[in-house]
Amino acid sequence: MQITFNNIGVPEEELNAVVEKNMDQIHRQCHRKRVRKILTGCSAAVILAAAGIGLCAMNPVLAEQIPLIGHLFERVEDKQIYSGNLSKDAEPVHEGNVSESGGIKMTLSEIYCNTEALNISVLIESEAPFPEMKHDGDQTTGDKTISYQYLETEQNFDFMPESQQEVIQVNGEYLDDHTFAGAFRIDFNLGDLSQVEIPDTFHLDLSVSMLHILSNSPEKEPCNLSGDTPWEFSVDVSKDSSQTVTKEVNQYAPNGMGIGTVTKTPYEITLNGGYSEEKKTSDEPLQMVILDADGKYMPDKGGFMVPINDHNVSKITVYYYPVASEEEFMAIQERYRDDDFEEFIKDKSTFQIQIDFEE
């Protein structure tokens, strides 16, 4: 039984949820109150008022560097929440991948689809400079800086009876004042897509109605950029199942909650949760934490989706421990990166599940 998150009906509210979830996971000091504000601000007309000079003249970066289209994942794959060698697995998007409106050109560069998600790289070029506050929402972790844009989309999959409304977070970098290179992910384990079987091949019509650029500064309003018409794309997709490993687990903690199966790709691990009344011996609520084969903490998204990133996932261990008070929980979080965290959480746990992917 997979956990399902329904799509949020109002685009602004959904954007707020996307921002709060993902920004907090990357940089917990971001200004949450700021990104919850209703998206009002500078209009596309104001932002694009200086338009008129050709893209080539405005984008010397594009002329000087190796061709970007077909190679964007090489630049931005390490900036994704589910990072990895996407450039190795992705295929170029050849048709239905370019759309221009209101002085902004969007080009879908590469696409990679596996059993868990659809990943697409995108180049966004503007005749007028992007607003000066474009870097205000940047997040820095280690030596890596990530910039963000947000696309308000309508997704029409040919295997779904109704379109999906979603605000998509695009992680990437500004190549210059006029050019943003990034990538986004459409999860198959969330919302209505989690209720259907994803076919091996399918068609996607993607419509982008608005582009949002946010600032973490309380003094600056977000900017919403829209064109004369939506940006429209039409692509054929092939799903790669060859790198997916599914393990039967069927182990359950004392409160009856546990794991039925686990799915692993080179980019993510998905825990398919379950419940067993037969295995239940206690009503005590439990929390869980996931460690890799080296005993390092693995952050999860939504409680069941785990980015692999640079972790050793030859095996993982899920520890279940009694629900702590807010103060105790914060103290546990502060120890996540400690060298002895595995021994610490093992002492607190009442049950553990180990999944060995090399067996």
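Selection of region 66-107 for residues being of a type in the set (K, R), closer than 21 Å to D200 by Cα and crowded, with 20+ Cβ neighbours inside 10 Å yields an empty set. Restricting attention to region 82-107, which residues are more than 16 Å from A181 (Cβ to Cβ), assigned to a loop (DSSP other than H, G, I, E, B) and out of contact with any strand residue (DSSP E or B) (no Cβ under 6 Å at 6 or more places or on another chain)? Within region 82-107, G84, N85, H94, E95, G102, G103 qualify.
Sub-9 Å Cβ pairs linking a first residue in region 261-283 that is without any contact (Cβ under 8 Å) to a residue 12 or more places away in the chain and surrounded by fewer than 20 Cβ atoms within 10 Å (Cβ to Cβ) to a second residue that is assigned to a loop (DSSP other than H, G, I, E, B) and not aromatic (F, W, Y), at least 6 apart or interchain, are E278/G256, ordered by first then second residue. For the residues F304, F329, the requirement of being farther than 20 Å from T115 by Cα and modelled with pLDDT under 95 singles out F329. Could you list, in sequence order, the residues of region 290-305 that are in contact with a helix residue (DSSP H, G or I) (Cβ under 7 Å, 6 or more places away or on another chain) and assigned to a loop (DSSP other than H, G, I, E, B)? If the condition is that a residue be in contact with a helix residue (DSSP H, G or I) (Cβ under 7 Å, 6 or more places away or on another chain) and assigned to a loop (DSSP other than H, G, I, E, B), then G295, P299 are the ones that fit.
State whether one or more residues within region 108-129 are in a loop (DSSP other than H, G, I, E, B), surrounded by fewer than 21 Cβ atoms within 10 Å (Cβ to Cβ) and of a type in the set (G, A, S). Checking region 108-129: not a single residue is in a loop (DSSP other than H, G, I, E, B), surrounded by fewer than 21 Cβ atoms within 10 Å (Cβ to Cβ) and of a type in the set (G, A, S).
Quick grid of which residues meet (1) under 30 Å from N114 (Cα atoms); (2) part of a strand (DSSP E or B):
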position: E278; (1), (2): no, no
position: M288; (1), (2): yes, yes
position: D310; (1), (2): yes, no
position: V313; (1), (2): yes, no
position: Q352; (1), (2): yes, yes
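Residues of region 203-260 that are surrounded by fewer than 19 Cβ atoms within 10 Å (Cβ to Cβ), among the hydroxyl-bearing types (S, T, Y) and not in a strand (DSSP E or B): S217, T229, S241, S242, T244. Among residues of region 317-337 that are under 25 Å from D283 (Cβ atoms), those with a Cβ under 9 angstrom from a residue that is surrounded by 11 or more Cβ atoms within 10 Å (Cβ to Cβ) and of a type in the set (K, R), sequence gap 6+ or separate chain, pair up as T317/K346; Y319/K346; Y319/K348; Y321/K348; P322/K348; A324/K348; I332/K348. Tell me, please, whether a residue that is surrounded by fewer than 21 Cβ atoms within 10 Å (Cβ to Cβ), in a loop (DSSP other than H, G, I, E, B) and touching a Lys or Arg at 6+ places or on another chain (Cβ under 6 Å) can be found in region 160-177. There is no residue in region 160-177 that is surrounded by fewer than 21 Cβ atoms within 10 Å (Cβ to Cβ), in a loop (DSSP other than H, G, I, E, B) and touching a Lys or Arg at 6+ places or on another chain (Cβ under 6 Å).
The values are calculated or read from the model by the stated rules, or taken from the named source; none is laboratory data. Quantities reported herein were computed from a predicted structural model and do not represent experimental measurements. Neighbour counts run over all protein chains shown; Cβ positions are idealised from the backbone, glycine included.
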